[in-house]
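*Asks:* Let me begin by handing over the structure; questions about it come next.
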Amino acid sequence: MTSTIQQPPPATAPFPTNRCPFDPDPRYEGIRTSDPVLRVDTPAGFDVWLVSGYEDARTVLGDAETFSNVDASSSHLMGDKDNLGAPPPPGVMLRHDGDSHSRLRLRLAREFMVKRIARLEPFIRDLVATHIDRIGQQKGPLDLYREFALPVPALVISEILGVPEGQRSEFENATASQVDLSLPLKERQAAAIQSAGFFANLIQSKQENPGDDLLSRLILEPTDRPMDAAELQGLALLLLAAGHDTTANMITLGTYALLQHPDQAGKLQNPAVMETGVDELIRYLTIVHNGVLRKAVKDTTIAGQTIRAGEHVAVVLESANRDNRFISDGDQLNLERRSAHLGFGYGPHQCLGQHLARLELRIALPELFRRLSGLRVETPETDIPFKNDMLVYGIKKLMINWDEVIS
Amino acid sequence: MNFDINVSKCVGAGVCAIAAPEIFDQNEDDGIVVVLNAHPPAEQESKLRDAAVRCPAAVITLSQQ
Ligand code: HEM
Ligand code: SF4
């Protein structure tokens, strides 16, 4: 017997959000308790179930057997409903499920484990120092996003991937233009094609001349199923897409948030606090916002709501991370607190690069505040371009000024 | 406080290793969890709990005694 389920018309989704500027869209506070699983329409033209409470978010993200990643996490925001269900590109682990995902993930896990990432510390310290020196040689105000927040993580990824010294500025330019919203779409697309071409060449050169880097190790490593060029390229592009602008936005938005919370900024130079401090900033700011998308592959129930196979669910991390059933005073920034926040996601797809992101932020933020004495933003808040409409939240341009650069 | 661990479901995220470094580490070869101390002392209980709730694959389960 087939039954037709009558569904109420979808509510209007809170996209683009209206963050204020560090808090989630205020509508979530009510939605989270009154409609924890709410049917909404989306800019991409299909309806999704919005999951906004902490426990429900963990349930969905932790159950990869019911909730598939086949459709990109952002399809409801940037995508087009005609692209749904397309097979995942090779190497892009975020879109693979089950064994296909874990094969890629476990292959990469050791490269991103805490101990391995810790070896990058001297390199990152040096990079941060050089970029602050360069800021000091210029006259303020200047854009922190462009002059510091974008280049530092781009150069860290190029070190990991083994981009040769002489090609790093080409790499940096292509990747910066890709995310620069002040450029017309055409130019951004051209930059994306440029970085795809860049990676194709890089992979070919690693195949011919392997070095001591991630791509070479993936090529050389003896395994029963070696990664081919297409997989390596998908992986390299994913690492860049997932690791570059996220970290850059955390640096820019994190700096602004700390300037607005001087009591917290005062704790930045205390290494013991910074062991948890970065995670608290990631929770408080939850830059991967507007929902990460999953597709139910079987019927299930979340918070009493039936979800049918084939329907999509968008898990709103920024709402879950303020849920007072999970955290008290969640609207306060307190660098000394420890929490099981969802800012890096949860479940088998939880951020692969999280230890790298933590290390970069643990170095960059305290150094910016220590070395740029009198660091400030002179733009009134209403004129700061926040990325409410974007997949990853942040600030498009943050003009900073300072009094003196300390060595 | 003791715990069980289902290593076959570990995704090598290493959250346990930062939450409770005295108890968990990761294997250099594949990033999979390595238990350093299967019977952590009572004063490490809060770290063990933290690791269990933060493990993204929910493979660490606490048991009494
Ligand atoms: C503060 C910075 C970062 C934040 C907030 C962040 C956040 C996230 C989130 C929320 C997810 C899960 C998405 C989903 O479930 O749909 C994710 C996945 C991922 N992230 Fe990050 N990320 C950051 C930095 C990085 C860095 C530096 C890298 C690597 C260079 C990276 C690589 C990845 C990869 C490869 C995945 C997919 C993992 C999988 O599918 O198994 N991320 N990240
Ligand atoms: S946190 Fe969980 S998944 Fe990650 S390494 Fe530890 S046991 Fe494995």
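*Asks:* Could you tell me which residue of segment A:96-126 is surrounded by the fewest Cβ atoms within 10 Å (Cβ to Cβ), considering only residues that are closer than 26 Å to A:Ile363 by Cα and more than 13 Å from every other protein chain (Cβ to nearest Cβ)?
*Replies:* Only one residue fits best here, namely A:Pro122.
*Asks:* Taking the residues in segment A:222-238 that are within 11 Å of ligand 1 (Cβ to nearest atom) and closer than 16 Å to A:Leu106 by Cβ as candidates, determine which candidate is least open to solvent (accessible area, probe 1.4 Å).
*Replies:* For segment A:222-238, the residue satisfying everything is A:Leu235.
*Asks:* Can you find even one residue in segment A:181-192 that is over 27 Å from A:Phe386 (Cβ atoms), touching a residue at least 12 places away in the same chain (Cβ under 8 Å) and open to solvent by 30 Å² or more (accessible area, probe 1.4 Å)? First the steps, then the outcome.
*Replies:* Within segment A:181-192, the first condition is being over 27 Å from A:Phe386 (Cβ atoms), and the residues that meet it are none.
No, the conditions are met nowhere in segment A:181-192.
Let's see how each residue does on (1) of a type in the set (Val, Ile, Thr); (2) within 16 Å of ligand 1 (Cβ to nearest atom); (3) within 14 Å of another protein chain (Cβ to nearest Cβ):
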| position | (1), (2), (3) |
| --- | --- |
| A:Tyr346 | no, yes, yes |
| A:Arg371 | no, no, no |
| A:Gly374 | no, no, no |
| A:Met390 | no, yes, no |
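*Asks:* Within chain B, which strands (runs of 3 or more DSSP E) (wholly inside it) include 3 or more residues that are more than 9 Å from chain A (Cβ to nearest Cβ)?
*Replies:* Working: elements: B:2-5, B:24-26, B:33-35, B:60-63.
Filter on chain B gives B:2-5, B:33-35, B:60-63.
*Asks:* Right, another one. Among what's in segment B:15-48 and is under 22 Å from A:Asp279 (Cβ atoms) and touching a residue at least 40 places away in the same chain (Cβ under 8 Å), pick the residue that is surrounded by the fewest Cβ atoms within 10 Å (Cβ to Cβ).
*Replies:* If we take residues in segment B:15-48 being under 22 Å from A:Asp279 (Cβ atoms) and touching a residue at least 40 places away in the same chain (Cβ under 8 Å), then B:Glu45 is surrounded by the fewest Cβ atoms within 10 Å (Cβ to Cβ).
*Asks:* Hey, can you tell me all the residues within segment A:36-69 that are within 16 Å of ligand 1 (Cβ to nearest atom) and either open to solvent by 30 Å² or more (accessible area, probe 1.4 Å) or in a helix (DSSP H, G or I) (or both)? Walk me through it before giving the result.
*Replies:* At the first step, the residues of segment A:36-69 found to be within 16 Å of ligand 1 (Cβ to nearest atom) are A:42, A:44, A:48-52, A:54, A:56-69.
Answer for segment A:36-69, where residues must be within 16 Å of ligand 1 (Cβ to nearest atom) and either open to solvent by 30 Å² or more (accessible area, probe 1.4 Å) or in a helix (DSSP H, G or I) (or both): A:Tyr54, A:Asp56, A:Ala57, A:Arg58, A:Thr59, A:Val60, A:Leu61, A:Gly62, A:Asp63, A:Ala64, A:Glu65.
*Asks:* In this structure, is A:Arg283 open to solvent by 40 Å² or more (accessible area, probe 1.4 Å), among the basic types (Lys, Arg), within 14 Å of chain B (Cβ to nearest Cβ) and touching a residue at least 60 places away in the same chain (Cβ under 8 Å)?
*Replies:* Details: open to solvent by 40 Å² or more (accessible area, probe 1.4 Å): no; among the basic types (Lys, Arg): yes; within 14 Å of chain B (Cβ to nearest Cβ): yes; touching a residue at least 60 places away in the same chain (Cβ under 8 Å): yes.
Answer is no for this residue.
*Asks:* Being more than 13 Å from chain B (Cβ to nearest Cβ) and not hydrophobic (A, V, I, L, M, F, W, C) is the filter here; which residues of segment A:50-68 pass it?
*Replies:* The answer is A:Ser52, A:Gly53, A:Asp56, A:Thr66, A:Ser68.
*Asks:* Same structure, new question: Test A:Gln305 against the criterion of being more than 23 Å from A:Gly53 (Cα to Cα) and open to solvent by 10 Å² or more (accessible area, probe 1.4 Å), and give yes or no. Before you say what the answer is, go through the steps one by one.
*Replies:* Working: more than 23 Å from A:Gly53 (Cα to Cα): no; open to solvent by 10 Å² or more (accessible area, probe 1.4 Å): yes.
Against the criterion (more than 23 Å from A:Gly53 (Cα to Cα) and open to solvent by 10 Å² or more (accessible area, probe 1.4 Å)), A:Gln305 does not qualify.
*Asks:* Go through (1) within 16 Å of ligand 1 (Cβ to nearest atom); (2) within 12 Å of chain B (Cβ to nearest Cβ); (3) in contact (Cβ under 8 Å) with a residue 40 or more places away in the chain one by one and return the number of the condition A:Leu77 breaks.
*Replies:* Single failed check for A:Leu77: (2).
*Asks:* Being assigned to a loop (DSSP other than H, G, I, E, B) and among the hydrophobic types (A, V, I, L, M, F, W, C) is the filter; apply it to segment A:391-407 and report the residue that is modelled with the lowest pLDDT.
*Replies:* Taking segment A:391-407 as the starting set, the residues that turn out to be assigned to a loop (DSSP other than H, G, I, E, B) are A:391, A:393-394, A:396-398, A:402-403, A:406-407.
Now restrict to residues that are among the hydrophobic types (A, V, I, L, M, F, W, C): A:391, A:398, A:402, A:406.
Working: A:Leu391: 81, A:Leu398: 97, A:Trp402: 97, A:Ile406: 95.
Among those residues, the one meeting the criterion is A:Leu391.
The values are calculated or read from the model by the stated rules, or taken from the named source; none is laboratory data. Here the structure is a predicted model, which means the values were calculated and not measured. Cβ sites come from the backbone with ideal geometry, for glycine too, and all protein chains shown count toward neighbours. SASA here: full protein model, heavy atoms, side chains in, ligands and nucleic acids out. Shrake-Rupley method; radii C 1.70, N 1.55, O 1.52, S 1.80 Å.
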